[in-house]
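The values are calculated or read from the model by the stated rules, or taken from the named source; none is laboratory data. Computed from a prediction, not measured in an experiment: that's the story for all the values here. Quick reminder, even Gly has a Cβ in these numbers, built from the backbone with ideal geometry, and neighbours come from all protein chains shown.
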């Protein structure tokens with residue numbers, strides 16, 4: 001069965017849309033870290049700067065998985081590896 | 001079927017791709033000088049000029065700093081504080097490398113503000129940075145843990161786990177470089193989309209987006225890259241005694 005290029009492009013767009021769903025996990029993780037950091041600051045406001053830098057570091061690491069999804073989506077949309 | 005055909009229907013010109021400027025021959029291969037190289041050279045020239053000026057100022061440094069000397073001392077003190085807090089007693093040996101890395105990545109990331117294509121939005125640049133970190137981690141591990149400790153850590157807890165340990169070693173530079181690359185690339189793509197698709201109404205408000213994507217995201221990712229590099233290096237420098 002022969003697929004034409006427009007069909008493959010459409011399926012690539014759907015795949016890109018599905019790939020960025022990985023942002024859900026990132027959002028939950030980052031929100032969790034921010035909430036915990038707010039709690040920690042309310043308990044011990046004197047080490048606010050330490051808490052903030054730790055939170056930013058953890059959030060940036062948690063962001064990686066979401067970015068992988070974003071990369072896959074970008075490759076599908078702009079590099080178009082599946083189009084013959 | 002060019003790149004970005006899904007978006008170019010309305011005649012908008014969206015370009016965030018790396019463009020070749022001129023080709024040259026090397027060992028029978030055709031290679032390209034791209035926009036990344038040119039932006040890298042511009043960033044390096046800015047750093048070199050800054051450091052030459054800083055050296056000239058610090059040669060006749062005054063007891064009470066003023067003007068440009070203030071800026072230089074502030075930068076050095078900020079970097080020193082960051083490195084000391086992360087590495088403790090190992091800080092003096094790595095101060096030069098981490099400081100250089102920080103300034104280079106920061107300038108590369110915010111160069112999008114000045115109309116350049118950020119060099120760190122090219123995987124070739126960030127992979128090189130990640131590989132430097134990888135080599136430093138392994139070199140310092142062998143240096144501080146000796147060969148026996150290095151292979152003992154590789155075979156930990158059983159020899160059968162060696163493939164997994166190897167994968168986790170290789171994953172460090174991959175994730176470091178991909179994180180920086182994807183963050184800066186997504187910022188560049190967002191700005192290109194805004195300017196390309198809303199060219200008629202993108203007048204003043206994209207400045208707010210620039211503040212987020214270039215300044216905030218760029219400095220956070222710089223901090224994270226340097227912080228993770230320091231954490232990894234410091235963790236292998238700890239000797240059991």
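Here are some residues: B:182, B:188. Which one is under 26 Å from residue A:78 (Cα atoms), without any contact (Cβ under 8 Å) to a residue 12 or more places away in the chain and either within 14 Å of another protein chain (Cβ to nearest Cβ) or touching a strand residue (DSSP E or B) at 6+ places or on another chain (Cβ under 9 Å) (or both)?
B:182
Does residue A:49 satisfy the condition of being more than 22 Å from residue B:178 (Cβ to Cβ), facing chain B (nearest Cβ under 9 Å) and free of Cβ contacts under 8 Å to residues at least 60 places away in the same chain?
no
Assuming residue B:116 fulfils every condition listed in (1) within 20 Å of the chain's Cα centre (by Cα); (2) in a helix (DSSP H, G or I) apart from one, which condition is it?
(2)
Look at the range B:194-219 and say how many of its residues are within 24 Å of residue B:126 (Cβ to Cβ), touching a residue at least 24 places away in the same chain (Cβ under 8 Å) and within 13 Å of another protein chain (Cβ to nearest Cβ).
3
So if I check each of A:80, A:30, which one is in contact with a helix residue (DSSP H, G or I) (Cβ under 8 Å, 6 or more places away or on another chain) and modelled with pLDDT under 90?
Of the residues listed, the single one that is in contact with a helix residue (DSSP H, G or I) (Cβ under 8 Å, 6 or more places away or on another chain) and modelled with pLDDT under 90 is A:80.
Taking only the range B:125-151 into account, find how many residues are at pLDDT below 90 and within 30 Å of residue B:36 (Cα to Cα).
0
State whether the residues of the range A:49-60 include one that is under 25 Å from residue B:176 (Cβ atoms), within 13 Å of the chain's Cα centre (by Cα) and assigned to a helix (DSSP H, G or I).
Yes, there is a match, as at least one residue in the range A:49-60 is under 25 Å from residue B:176 (Cβ atoms), within 13 Å of the chain's Cα centre (by Cα) and assigned to a helix (DSSP H, G or I).
Could you grab me the full set of residues in the range A:55-84 that are free of Cβ contacts under 8 Å to residues at least 24 places away in the same chain and more than 10 Å from every other protein chain (Cβ to nearest Cβ)?
Hits for the range A:55-84 are A:55, A:75, A:81.
Which ranges mark the helices (runs of 4 or more DSSP H) fully within the range B:1-113 that have 1 or more residues being modelled with pLDDT of 85 or more, surrounded by fewer than 17 Cβ atoms within 10 Å (Cβ to Cβ) and in contact with a strand residue (DSSP E or B) (Cβ under 7 Å, 6 or more places away or on another chain)?
Helices (runs of 4 or more DSSP H) meeting the threshold: B:35-59.
Among B:231, B:239, which is within 11 Å of another protein chain (Cβ to nearest Cβ), farther than 17 Å from residue B:116 by Cβ and at pLDDT below 90?
So the residue among B:231, B:239 that is within 11 Å of another protein chain (Cβ to nearest Cβ), farther than 17 Å from residue B:116 by Cβ and at pLDDT below 90 is B:231.
If you go through the range B:222-235 one residue at a time, how many are over 15 Å from residue B:99 (Cα atoms) and in contact (Cβ under 8 Å) with a residue 24 or more places away in the chain?
2
Return only the number of the condition from (1) more than 14 Å from every other protein chain (Cβ to nearest Cβ); (2) under 30 Å from residue B:112 (Cα atoms); (3) part of a helix (DSSP H, G or I) that residue B:169 does not satisfy.
Of everything listed in (1) more than 14 Å from every other protein chain (Cβ to nearest Cβ); (2) under 30 Å from residue B:112 (Cα atoms); (3) part of a helix (DSSP H, G or I), residue B:169 misses just condition (2).
Restricting the range A:1-27 to residues that are within 14 Å of chain B (Cβ to nearest Cβ) and not in a helix (DSSP H, G or I), which is modelled with the lowest pLDDT?
The selected residue is A:3.
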